[in-house]
Amino acid sequence: MTNAWYIGFAVGVLLAVVLIVLIKKLLGKKCTYDERQIAARGQAFKTGFCTFVICELIVFFIEFFREKPLVLFQPGMLSIVICLTALLVFLEVAIFKDAYFSPDHPFSKKWCALMFFSATIYIAQFLVAKEKWYALLNLVVGVFIVIVMLSILVKKAISRKSEDEDVCQET
């Protein structure tokens, strides 16, 4: 990695933080969850954290018994994969327990399209990247986004089907 890459990465992170702060200041609304959603999010956090700890312990014991570090293409790459795995577990639990979207911020088709577009860009970057670690990072992030979006769509379909069945049983 070159110094230009580090500078570009730092500028990108700084811009993302500035944008997030500005959006929060301009919109000013916080997501509010009901008690059931708060409990489900707590369970999702717990499950994601346990996944993170178990993955890190597995890596620790592999490194301990091999007596050398476990490196996936580039130092730190395995840590990113573990963090994304734990985040994915958190998101899956939150999505399927109806605790991902709040009533005041429901699912948006624009947001869904934007996320699939960003996943496509990440996967395209995987295909054109010259360095293996960078290609793998883009693939992992792209697949992560696709899995989350597909999970949301599956949950919406399940909810819609159960709502339709409830309406049919009431009539």
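The values are calculated or read from the model by the stated rules, or taken from the named source; none is laboratory data. None of these values were measured; they are calculated from a predicted model. Cβ placement follows ideal geometry from the backbone for every residue including glycine, while neighbour counts extend to all protein chains displayed. Accessible surface areas use protein heavy atoms only, side chains included; no ligands, DNA or RNA. Shrake-Rupley method; radii C 1.70, N 1.55, O 1.52, S 1.80 Å.
Residues in the range 63-76 that are within 19 Å of Val140 (Cβ to Cβ) and either in contact with an Asp or Glu (Cβ under 9 Å, 6 or more places away or on another chain) or open to solvent by 50 Å² or more (accessible area, probe 1.4 Å) (or both): Leu70, Val71, Leu72, Phe73, Gln74, Pro75. Can you tell me how many residues in the range 77-105 are open to solvent by less than 40 Å² (accessible area, probe 1.4 Å) and assigned to a loop (DSSP other than H, G, I, E, B)? Of the residues in the range 77-105, 1 are open to solvent by less than 40 Å² (accessible area, probe 1.4 Å) and assigned to a loop (DSSP other than H, G, I, E, B). Kindly indicate the residue of the range 134-148 that is open to solvent by 30 Å² or more (accessible area, probe 1.4 Å) and more than 13 Å from the chain's Cα centre (by Cα) and also farthest from Trp5 (Cα to Cα) among those meeting that condition. Once the filter is applied, the top-ranked residue is Leu139. For the range 3-37, which positions are closer than 27 Å to Ser102 by Cα, surrounded by 10 or more Cβ atoms within 10 Å (Cβ to Cβ) and hydrophobic (A, V, I, L, M, F, W, C)? If the condition is that a residue be closer than 27 Å to Ser102 by Cα, surrounded by 10 or more Cβ atoms within 10 Å (Cβ to Cβ) and hydrophobic (A, V, I, L, M, F, W, C), then Val13, Leu15, Ala16, Val17, Val18, Leu19, Ile20, Val21, Leu22, Ile23, Cys31 are the ones that fit. With respect to the stated conditions, Thr120 is more than 30 Å from Thr32 (Cα to Cα), of a type in the set (S, T, N, Q) and either out of contact with any strand residue (DSSP E or B) (no Cβ under 8 Å at 6 or more places or on another chain) or in a helix (DSSP H, G or I) (or both). Taken as a whole, the structure leaves Ala40 outside the set of residues that are modelled with pLDDT of 90 or more, open to solvent by less than 40 Å² (accessible area, probe 1.4 Å) and in a helix (DSSP H, G or I).
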